[in-house]
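I have placed the structure first, in the form of structure tokens, so that the comments after it can refer back to it.
The values are calculated or read from the model by the stated rules, or taken from the named source; none is laboratory data. What you see is a predicted model; the values in this text were computed from it and never measured. Glycine gets a Cβ as well: all are built from the backbone with ideal geometry, and neighbour counts include every protein chain shown.
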Amino acid sequence: MNSQIRFAGLAVSAAMAFSTVANAAGFEKSIVWGGKSGGFAGIAAPYIEGADALYFNPAGLVASKPGHSLSFNISPTSASFKGPINNQNTEVTSESKLLTPVSLIYGNSLSEDLGFGVGFFVSGGANANFPSISFPSSTYTPDVKTDLQIFEASAGVGYRASEDLKLGLAWRVVMAQADLSFVSRVSATSLANAKLTGLKDTQALAFKAGAQYKLDESTDLSLTFRSEVNFEAKGKVQVTGFSSLGGGGTTGAEQDATARTTFPMAINLGGIHRLSEEWNLLAEYGWTQYSRIGEIVVDSAAFSTTGNKTRLTTDWRDQHNARVAAEYVAPWPIRFGYGYTSTVTNADYARASFTPPGPAHTLTVGTGQDFSFGEGSEQSFRFDAAFEYTTTTGDVSGKAASGTTGVGQDTRNGTYSTTAYVAHLGLSYLF
């Protein structure tokens, strides 16, 4: 049992790894929410103004004219994961669950040179639930699960430094909570199911900085920087040992656990070019320093290792995001875009509840409209909507035979994939 608990520590480490990854790499949700930006494959930083700028680029908190703005966004998301888990490398599909990332933000342009914003929003998350995985000959059917939510409360300020340059800075309080369950292999037939519950952490030393620069009458550029966040999430862990040869499971006592990892910094460069009165073209490149995470460390008395500590080598790669989009300006504009996300997950450590070890592709389409209270009124509503389809696939072969042990022993041969369908809806009130 001790050896099973020791090796199950790898699963707990991997669980916490995903809780960070879900925001930027694991199941990469490159478009968390945004009724307008969703139609542009997530591009917003070059043109955004008003309340939503607090999240995308705080420089945009200085709007074109003084006034208040209140925005609400919701993005109903249906995502499914697929991949092999048991020793026979049987590919299984997760349960489908509807998630609803939201944002509520208030912005105020005090003058032509100064603005501020405060708000609360979901900035990441994932739900991959594989209940009762079958291991032939065993009566114990473990659950494999990732249930993660990441929230942020933020306050920021924007300042117009010159006629062509706006700067912004936002303070971020980042909150994460998760319940996770993973299978870890001790030998070809001896396994353990590690359940990590009630993981929570809040970090207040985070910020985002941004700039918007008007290159000429037709082109605007943007640059944003998101600081690194170090997590120490505390929760409980319980381990059940079982054998693929037969019998049920043996469950150990629930113990305290602390998982330590890093949500790395990110830099984005974007631009919008007004090709004509009818067409706008947009592009954005983003880099996230995931190579910063070489291993995940978990402390718990449940582990029989020296110092009650276990480590998991991840060997992630930096993430690169490339997005392009266009808008046909009409009474009801037509927006469409494409996003590419590079492979971050190392194929040597692939899991069905992680993002697959392959690139992600995102297609979007959207529109929007302003509704005024009357001619000359300073009050108006804006409604935006977009639809997103994202898919990721990674094939793993030759990494692990049935029941293989050693580094990466929990990687199964087969195809790993995720698919997400999202409706991005946004409503803004300008007054």
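Each residue in the range 392-420 was checked for being modelled with pLDDT of 90 or more and either surrounded by fewer than 15 Cβ atoms within 10 Å (Cβ to Cβ) or in contact with a Leu (Cβ under 9 Å, 6 or more places away or on another chain) (or both), and 1 pass.
Among the residues of the range 157-164, is there at least one that is more than 19 Å from the chain's Cα centre (by Cα), of a type in the set (Phe, Trp, Tyr) and surrounded by 21 or more Cβ atoms within 10 Å (Cβ to Cβ)? Checked against the condition, which is being more than 19 Å from the chain's Cα centre (by Cα), of a type in the set (Phe, Trp, Tyr) and surrounded by 21 or more Cβ atoms within 10 Å (Cβ to Cβ), the range 157-164 yields no hits at all. Contact map, the range 371-391: first residue touching a residue at least 40 places away in the same chain (Cβ under 8 Å) and over 17 Å from PHE336 (Cβ atoms), second residue among the basic types (Lys, Arg) and surrounded by 13 or more Cβ atoms within 10 Å (Cβ to Cβ), Cβ cut-off under 9 Å, separation 6 or more or different chains; pairs are ARG382/LYS36. Listed by position, the strands (runs of 3 or more DSSP E) inside the range 293-386 whose residues that are modelled with pLDDT of 95 or more and touching a helix residue (DSSP H, G or I) at 6+ places or on another chain (Cβ under 9 Å) number at least 1 are 319-328, 334-341, 360-372. Specify the residue that is modelled with the highest pLDDT; the eligible residues are those in the range 88-121 that are farther than 28 Å from SER64 by Cβ and of a type in the set (A, V, I, L, M, F, W, C). Applying the filter and picking the extreme gives VAL92. All conditions in (1) part of a loop (DSSP other than H, G, I, E, B); (2) crowded, with 24+ Cβ neighbours inside 10 Å; (3) of a type in the set (S, T, N, Q) hold for ASN87, with the sole exception of (2). LYS82 satisfies every condition listed in (1) assigned to a strand (DSSP E or B); (2) surrounded by 19 or more Cβ atoms within 10 Å (Cβ to Cβ); (3) in contact with a Leu (Cβ under 7 Å, 6 or more places away or on another chain) except (3).
Annotation: GLY270 fulfils all but one of (1) under 30 Å from TYR340 (Cβ atoms); (2) at pLDDT below 95; (3) not β-branched (Val, Ile, Thr); the unmet one is (2).
Here SER162 clears all of (1) of a type in the set (Gly, Ala, Ser); (2) part of a loop (DSSP other than H, G, I, E, B); (3) modelled with pLDDT under 95 except the condition numbered (3).
Residue-by-condition table, conditions (1) surrounded by fewer than 24 Cβ atoms within 10 Å (Cβ to Cβ); (2) polar (S, T, N, Q); (3) in a loop (DSSP other than H, G, I, E, B); (4) at pLDDT 50 or above:
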{"residue": "SER3", "(1), (2), (3), (4)": "yes, yes, no, no"}
{"residue": "MET16", "(1), (2), (3), (4)": "no, no, no, no"}
{"residue": "ALA45", "(1), (2), (3), (4)": "no, no, yes, yes"}
{"residue": "GLY50", "(1), (2), (3), (4)": "no, no, yes, yes"}
{"residue": "SER69", "(1), (2), (3), (4)": "yes, yes, no, yes"}
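Among the residues of the range 202-228, the ones that are surrounded by 22 or more Cβ atoms within 10 Å (Cβ to Cβ) and within 16 Å of PRO264 (Cα to Cα) come to 3 in all. Just one of the numbered conditions (1) surrounded by fewer than 21 Cβ atoms within 10 Å (Cβ to Cβ); (2) touching a Ser or Thr at 6+ places or on another chain (Cβ under 8 Å) is not true of SER75: (1).
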